[in-house]
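The values are calculated or read from the model by the stated rules, or taken from the named source; none is laboratory data. These numbers come from a predicted model, not from an experiment. For neighbour counting, all protein chains shown are included, and Cβ atoms are generated from backbone atoms with ideal geometry for every residue, glycine included. Calculation scope for accessible area: heavy atoms of the full protein, side chains included, ligands and nucleic acids excluded. Shrake-Rupley method; radii C 1.70, N 1.55, O 1.52, S 1.80 Å.
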Amino acid sequence: MKDLVSKIVALAKRRGIVFQNSEIYGGVQGFYDYGPIGSLMKLNWKNLWWTDNVVNRADVVGIDGSIITHPTVWQASGHVKNFGDILVECKNCHKRFRPDLIDNAKKCPECGGQFTDARSYNILFKTEIGVIEGEKMRAYLRGEACQNIYLNFKNVVDSSRVKIPFGIAQIGKAFRNEITPKNFLYRTREFEQWDIQYFVEATQMDKWYDYWKQQRMDWYQGLFNSKADLRFRQHLKDELAFYAKKAFDIEYNAPWGWAEMEGIHWRADYDLTQHSKFSGKDLSYLDQTTNKKYIPHIVETSGGVDRSFFFLLLDAYQEQTMDNGETRIYLKINPKIAAYKVAVFPLASNKPELVDTASNIYQTLQKSFSVDFDDSSNIGKKYRRQDEIGTPWCLVVDFQTLDDQTVTLRHRDTTKQTRVKINSLSKWLTKNLSNF
Ligand code: ATP
């Protein structure tokens, strides 16, 4: 599907998943807002990551760091000097391009003009701390979320009972003044990252690197429909940071080609050593059993929340031709991520006995599930809406309900319907959501 991206963008707007930021002012490139449905889905996506990587693991703890840090952090990390894109500029239309993203073309792909020599542009967002002229301090919005983890390494060791090997995880915003934001949520200027920094003893790096590489791939494969659209890409020697023995990306087979979703990085002792140097504080770890003191080495898994969410939507989008020739669009998304687990409708909106019964069911189910209620008039439209936001089950109260206390439940992917007793609904849904 060549125009799949535009279909997703249209669906996201139509159904309140994602909107262009500041749309009424013509929009601003590289910024997006999540709508009523999208904010629920994104929260579910993040909660799933947090539950699997922090809550359900004894060896990983979480933090929630601030977006602005001491500016020296970005000197120590190398971002002030090196965080940029190498770009060429067209002498004619003045558009700038990253040579590798235009197949190292010699002429401008937009107008055929000549290029300038390549130059480096820093993509850290600058800001100022303080309001009094002359006393303001230059600061940066964090270009990657993980720096807060290194900054708090000692605080976490001193305040909790973690022992190496252990991880610190965080979900948080990062900002990059990307020169060419594009492909919807894929390359934006404000986005969220989910990171795990796993601290180990140097000799254990290979073992933990392989563990996390596989662990992260298994996690994504368990949640995407098409496992064949996920792969590893190993970084070439000349792409590697000087301290990295190896690096792999988990890539998704996007409509424009294979694209990075998450990086599994060998960061060695680089980050803690740099921050020790720049801060003058000792960031080493004392192993209480061996009495050995050392700077831990780090395996990092760093993924984009919005980027992977977009890939999830691409993976979930389905079009089905119905018997009547119409096309049904539905999102085949894991129920754990769907905004609503079930949508409750009365068959007819002008029959108070149906509306009241549906409303009672809605109120009961809402105590245990995320449920939508829709008593608008057209049942076809109601199904279409829920299909397009990926609601696994639609529950309809009809005239038979009034006789035998059963309702119909319609499966999102097959559209097959079954009748279920009202008093066993909670149990039935719990079972059928986990087996979906
Ligand atoms: P890219 O090569 O695509 O610019 P990167 O290698 O610079 O990405 P990292 O610094 O490793 O990315 O960041 C970790 C993750 O954060 C990426 O795998 C991606 O999912 C996400 N990410 C990075 N930049 C952006 C962006 N501009 N918009 C959305 N997500 C991003």
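Would you mention how many residues in region 14-50 are assigned to a helix (DSSP H, G or I), in contact with a helix residue (DSSP H, G or I) (Cβ under 7 Å, 6 or more places away or on another chain) and open to solvent by 60 Å² or more (accessible area, probe 1.4 Å)? Going through region 14-50 one residue at a time, the tally reaches 0. Checked against the criterion of being open to solvent by less than 10 Å² (accessible area, probe 1.4 Å), touching a residue at least 40 places away in the same chain (Cβ under 8 Å) and in contact with a strand residue (DSSP E or B) (Cβ under 8 Å, 6 or more places away or on another chain), the candidates LEU354, LEU312, LEU347 yield just one match: LEU354.
Entry remark, region 284-307: residues being in contact (Cβ under 8 Å) with a residue 40 or more places away in the chain and either within 16 Å of the ligand (Cβ to nearest atom) or open to solvent by less than 40 Å² (accessible area, probe 1.4 Å) (or both) number 15 in total.
Residue-by-condition table, conditions (1) hydroxyl-bearing (Ser, Thr, Tyr); (2) open to solvent by 10 Å² or more (accessible area, probe 1.4 Å); (3) more than 25 Å from the chain's Cα centre (by Cα):
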residue	(1), (2), (3)
LEU365	no, no, yes
GLY380	no, yes, yes
ARG384	no, yes, yes
ASP387	no, no, no
CYS394	no, no, yes
ASP403	no, yes, yes
VAL407	no, no, yes
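Can you say whether VAL162 is away from the ligand (no atom under 12 Å from the Cβ), surrounded by 15 or more Cβ atoms within 10 Å (Cβ to Cβ) and either without any contact (Cβ under 8 Å) to a residue 12 or more places away in the chain or not basic (Lys, Arg) (or both), as far as the supplied structure shows? The answer is yes for VAL162. Checking each residue in region 228-240 for being more than 20 Å from the chain's Cα centre (by Cα) and assigned to a helix (DSSP H, G or I) picks out LYS237, ASP238, GLU239. Kindly indicate whether any position in region 169-178 is open to solvent by 50 Å² or more (accessible area, probe 1.4 Å), of a type in the set (D, E, K, R), in a strand (DSSP E or B) and closer than 19 Å to TRP45 by Cα. Yes, region 169-178 contains at least one residue that is open to solvent by 50 Å² or more (accessible area, probe 1.4 Å), of a type in the set (D, E, K, R), in a strand (DSSP E or B) and closer than 19 Å to TRP45 by Cα.
Being open to solvent by 40 Å² or more (accessible area, probe 1.4 Å), at pLDDT 95 or above, away from the ligand (no atom under 16 Å from the Cβ) and of a type outside the set (Val, Ile, Thr) is a property that holds for LYS281.
The listed residues are THR273, THR289, and the only one of them that is in the same structural domain as THR203 (by TED's automatic domain parsing), assigned to a loop (DSSP other than H, G, I, E, B) and over 25 Å from the mean Cα position of the chain (by Cα) turns out to be THR289. Restricting PHE184, PHE153 to residues that are more than 16 Å from the ligand (Cβ to nearest atom) and buried (at least 20 other Cβ atoms within 10 Å of the Cβ) narrows the list to PHE153. Do you know which of the residues in region 189-227 that are open to solvent by 10 Å² or more (accessible area, probe 1.4 Å) and part of a loop (DSSP other than H, G, I, E, B) is farthest from the ligand (Cβ to nearest atom)? Within region 189-227, the match that is farthest from the ligand (Cβ to nearest atom) is GLU201.
Taking the numbered list (1) among the aromatic types (Phe, Trp, Tyr); (2) within 16 Å of the ligand (Cβ to nearest atom); (3) closer than 30 Å to SER6 by Cα; (4) open to solvent by 20 Å² or more (accessible area, probe 1.4 Å) in turn, TYR330 passes all entries but (2).
From the list ALA247, ALA254, ALA169, the lone residue that is within 15 Å of THR301 (Cα to Cα) and either in contact with a Leu (Cβ under 8 Å, 6 or more places away or on another chain) or at pLDDT below 95 (or both) is ALA247.
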